[in-house]
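Reviewing the structure listed below.
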Amino acid sequence: MDDWEMWDRREEIRLSPRERLALLEIEARLRRDRGFARRMGEEPRGRRGGARRGRTRRRVWLPVGVLLLAVASVFSAVMGIRTEDPGLLWCFAVLWPLTLFQAFRLLCRAARRKSRAGVNSWL
């Protein structure tokens, strides 16, 4: 409902003019609050195209990051074992928990999408 439509439907609404004005101000502030809009599952007005593009880019980076971390972890583990270099083994010790954490985030994202859409989408 538009703000002007609300003013046209005065006979249906039982608020004083001061209360209507206060209500309109509150609604306008809530519409401008991006965090509130995100929690309510809406996108802020005027940013629909750009927000989707940015969100799509962010969705791609997590699987790519998990893949790169996994490759780097396996490489550092294999080379550390073969060469017995403590630096490579420590590199694996740092990379492996990061890889597991990001993989867990990816699985949580897939589970969240599955519960919303009913379809398992990994990317």
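The values are calculated or read from the model by the stated rules, or taken from the named source; none is laboratory data. No experiment lies behind these values; they were computed from the predicted model shown. Cβ coordinates were reconstructed from backbone atoms using ideal geometry, including for glycine residues, and neighbour counts include every protein chain displayed.
Of the residues making up the stretch 96-110, those that are in contact (Cβ under 8 Å) with a residue 24 or more places away in the chain and closer than 17 Å to residue 71 by Cα are 98, 99, 102, 103, 106.
Applying the criterion of at least 3 residues that are of a type in the set (Val, Ile, Thr) and at pLDDT 85 or above to the helices (runs of 4 or more DSSP H) found wholly in the stretch 1-113 leaves 48-83.
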